[in-house]
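See below for the structure under consideration.
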Amino acid sequence: MFYDTNGSKRSTLATTVDLKRASSKVDINGKVGSVWNISSFSQWKRVQSGYILKDFYTRLAVPYKNQKLLDYGPVQGGVSGSTATVGLSGFVPNVSWTFSIGGFKMSDLSSVSSKYGRWKLSPTLINLGPSQLVIKPGIKSSNTSGNFGLQLSQKQVRVGSVQNGTGVVSIFVPDR
């Protein structure tokens with residue numbers, strides 16, 4: 001739940017993250033490592049009328065020393081009209097899926113060198129004041145030592161520049 005300064009409920013956000021180890025025995029620059037496919041599913045809903053979403057950001061990061069971001073999606077060219085396509089490739093079998101972003105413009109703000117996938121969604125002129133948003137971006141990462149770690153963060157900005165967010169949520173699963 002996100003609240004305004006008066007304590008009134010403004011919107012809700014539900015997110016699930018699916019971490020799938022695609023392989024545990026891949027040669028990554030001379031080291032044996034694992035490859036992980038990660039997808040997140042987020043649903044934002046407006047609860048109170050008058051709450052107008054300006055922008056929504058979501059970020060999946062693998063900032064730990066023994067990890068590399070191999071791929072992410074959707075990339076800027078992977079958004080066409082109201083559909084976004086995620087295609088994660090590299091090392092082990094490719095995975096792909098599509099999802100609807102109807103009424104939103106999606107911008108790719110990701111950085112392979114900084115090891116995160118980050119996306120911004122903004123309502124379009126035909127969808128001013130949306131009541132909900134559903135997205136499913138993803139990343140592919142390698143890990144050569146220790147637990148596999150993922151950081152998720154999300155932020156909403158509403159008209160008037162008021163921001164609410166999840167902060168950084170860290171997820172660790174046993175791996176190497």
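So what is the accessible area of the chain per residue, in Å², with the probe set to 1.4 Å?
Details: 8600 Å² over 176 residues.
Ligands and nucleic acids excluded, the result is 49 Å² per residue.
Can you give me the % of accessible surface on the chain that is carbon or sulfur? Probe 1.4 Å, all protein chains present, nothing else counted.
Details: 4210 of 8600 Å².
C and S fraction of accessible area: 49 percent.
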| request: Could you pull out every residue, at least 5 positions away or on a different chain, whose amide H is within less than 5 Å of the one on residue 146? Hs are placed 1.01 Å off N in the peptide plane, and Pro or chain starts have none. | output: 176
| note | The ³J(HN,Hα) series, computed from each phi in segment 165-172 with the Karplus coefficients 6.51, -1.76 and 1.60 at θ = phi - 60°, rounded to the nearest Hz and given as x for glycine or proline, is x, 8, x, 9, 9, 9, 10, 10
| said: Filter 45/115; 20/136; 68/155; 20/68; 20/45; 45/140 down to the pairs with a C-alpha to C-alpha distance above 18 Å, please. | reply: 45/115; 68/155; 20/45; 45/140
| remark: Taking a ≥ b ≥ c as the square roots of the Cα gyration tensor eigenvalues, with a/c under 1.5 meaning rounded and otherwise prolate when a/b beats b/c or oblate if not, the chain comes out prolate
| field | residue 27 - accessible surface, heavy atoms, 1.4 Å probe, Å² rounded to 10 | value | 100 Å²
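The values are calculated or read from the model by the stated rules, or taken from the named source; none is laboratory data. From a predicted model like this one, the values you see are computed outputs, not experimental measurements. Side chains are part of the model used for accessible areas, which takes the heavy atoms of the whole protein and leaves out ligands, DNA and RNA. Shrake-Rupley method; radii C 1.70, N 1.55, O 1.52, S 1.80 Å.
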